[in-house]
Amino acid sequence: MRKGMLVDLTRCIGCRACQVACKQWNDLPAEETQNWGSYQNPAALSADTWTLVEFTEVDEGDGLQWVFAKRQCMHCLHPACASACPVGAFHQTEQGAVVYDPARCIGCRYCMVVCPFGVPKLEWEEPLPFVRKCRFCVDRLEAGLEPACAKACPTDAIVFGNRDDLIAEAEERIRNQPGRYVDHVYGKDELGGTSWLYLSAVPFDKLGFPTLGPEPVTTLSEVVATYGTPSIAVTVAAVLGGLYYWFSRREKNMHAEQDAEQEEREAS
């Protein structure tokens, strides 16, 4: 049975318990943060941040208000990443989790190119980097447990269950409270459907959600995979990865030298 998650943004209070639970369960390190209004948060999804609560200030006629939106891999029903990968490093489980196998990955980064949500991230700081993203807590699903983020949510803004049941629940909420929600269950039809579904009081495009049609993008991704052979992918990935690593190291050394010079000037 395909599973899903329903995120009701009108119930989200921005506590980021889901974000912390994701870090803890997956043993992910902390990251440098930036200011989001009066909050501190990582800048974006990354190889070390698989769940991120984004803060958006919107004006819907009643004055400015903060809207909190949990973002992560959408676990598409027709995942472009799995379709584009020339070596089968991505696969979808029966429950709907789109899972990555680093042992198969050749570093071509086609998954990063074709994902409409920009989710897969590379470990840029590693000499032999892997792609990282939300795994839908597939290990917990296999054990009969709900994902860590849903379990941690104190306001039931995140609900785990069968995808069809969650769609019915979302549509019922809209019918019962039409003034509370926009008439759109995001993820029900986008790109042929996703495992993550959203309700909101604010149009999704104002929150940075991409506007997408119902057609899956796997046809395009299959073209990418067909014409980009694994041998070419290995060569390109190795060259680009090496160059990035070299330049990033050089930049770090430059910053370290500048900091040392600044400390010397201050000490004198």
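The values are calculated or read from the model by the stated rules, or taken from the named source; none is laboratory data. This one's a predicted model, so the numbers in the text were calculated from it and none came from an experiment. Backbone-built Cβ (ideal geometry, glycine too); neighbour counts: all protein chains shown. Surface accessibility is based on the protein's heavy atoms, side chains included, excluding ligands, DNA and RNA. Shrake-Rupley method; radii C 1.70, N 1.55, O 1.52, S 1.80 Å.
Of note:
- Selected from Leu6, Ala84, Thr33, residue furthest toward positive end of dipole (the stretch 1-122; charges at beta carbon): Ala84
- Positive-end residue, the stretch 50-169 charge dipole about Cα centroid, Cβ charges, pick of Met74, Cys153, Thr56: Met74
- 16 Å tail of the calculated P(r), the stretch 107-223, as % of Cα pairs: 71 percent
- Mean-position separation - Cα centroids, the stretch 168-218 and the stretch 1-80, in angstrom: 16 Å
- Over 22 Å [Cα-Cα, the stretch 66-166], rounded percent: 35 percent
- Probe 1.4 Å, protein heavy atoms only - accessible area per residue of the stretch 64-136 in square angstrom: 42 Å²
- Shape summary of the stretch 14-69, radius of gyration then Dmax from alpha carbon positions: 12.7, 42 Å.
- In this structure Leu28 has an accessible area near 20 Å², from a 1.4 Å probe over the protein heavy atoms.
- Segment Thr56-Phe130, length gained on full extension (0.36 nm per residue, minus Cα span): 23.6 nm
- Probe 1.4 Å - accessible area at Phe130, Å² to nearest ten: 90 Å²
- Calculated FRET efficiency for the pair Ile174/Leu64, C-beta based, R₀ 35 Å, to 0.05: 0.90
- Packing-based order for 79-89, 5-15, using average beta carbon neighbours within 10 Å, highest first: 79-89, 5-15
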